[in-house]
Amino acid sequence: MLNDALYVYGIIKGETRLEWKGIGIDGKGVYTISENGFSALVHDCEEKPFSSDEPDKIKNWIIIHDKVLNKAMKEFDGVIPFSFNTIVKNTGKTAEYNLKAWLSNDSEILERTWDKVKGKREYGIKVYYDKSVLVQKASAGEEVKKIEESQQGKGEGLKYLLKERTKSKIDETVQNDTNQLKQEFYNAIKSVTEDLKINTPKISISDEKDLLLSMSVLANKQQIKKIKDVLKEKSGKDFIFQMAGPFAPYSFVENDTK
C-alpha cells in the first residue's frame, strides 16, 4: 500500500533510478521519481509535516535532510535543494502523479536553475575588522584636529558643542571608511563570482572584532580557491575572515523553484 504523500529532498538532472536504504528521516529509504529529464529525491510519508516538541529532534531531522542533499551533490555534481518539510500530497490524484506533473510543467525553470548550481556549492563568508583602528585613524584626521583646536579659549558651553561636533565627525568618518571597506571586499569577491548575496547576521565571533561583511556565495572549486586567496591576501592584524560550507545552494534557488 502506497503512502499518501511524498517528502521531497531535492532535484537532480537526469532520469536516474536509485534507492538509498535507511539514510532518510526516521530511517526512511530515499529513492527517485523521474520525469522529463529530472529526478526528485523522495521518501514515502504521511500527509503532514514532521513536527515535534523536542528541538533536538527537529534539529536532527534537518541534519539528516542536509546529509541526503550532500550525498546527492557528491554523486551527481549538484542538487536543487528543497527546504525541510517539502511534501507533495495526494489531491485526488496520487502524490507521484502530482510530482511528475510539476517536474514536467516546470522543466524550463529547472533547467535554468540546474545550469546555475551544477558543479557549485554554497559557502558562507564573514569578514571581521578592528573598529578601533578606524576610530584612531578618524580621530587623527585633519578635520577633527581643526575642530579640537577651535575649542581653545572658548567658554564651557561652546566647548561642549564643539566636543559633540568632534564626536559626530569621528562617527561619520568611521562609517564612511567602513562602507568603503565593505565595498572593497564585496567587489573583490564579486570579481570571482557574480552569485553572491549579502546576509544580515545576528551575532559575531569575537567581542574585540566587529563584523564588517556577511555574505553567501555560490562557487565551484576553482572559484572558492580564488576567493580564499583574496580573503587571505586582505586579512591580517586588522581583518579576519570566517568561511563555512560547502552547503547545498538554498540561497540561490529559492526564488527559481517556487
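Among the listed pairs K48/K71; K59/K100; K126/K182; K28/K57, those with a Cα-Cα distance over 21 Å are K48/K71; K59/K100.
The value given for segment 1-135 is a Kirkwood hydrodynamic radius of 16.3 Å, derived from the mean inverse Cα-Cα separation. Charge tally around N36: other residues with Cβ under 12 Å, Lys/Arg +1 each, Asp/Glu -1 each, net -3.
Each reported figure results from applying straightforward, stated rules to the coordinates on display, with no laboratory input. All values derive from a computational prediction rather than experimental measurement. Glycine also receives a Cβ, built like all others from the backbone with ideal geometry; neighbour counts cover every protein chain displayed.
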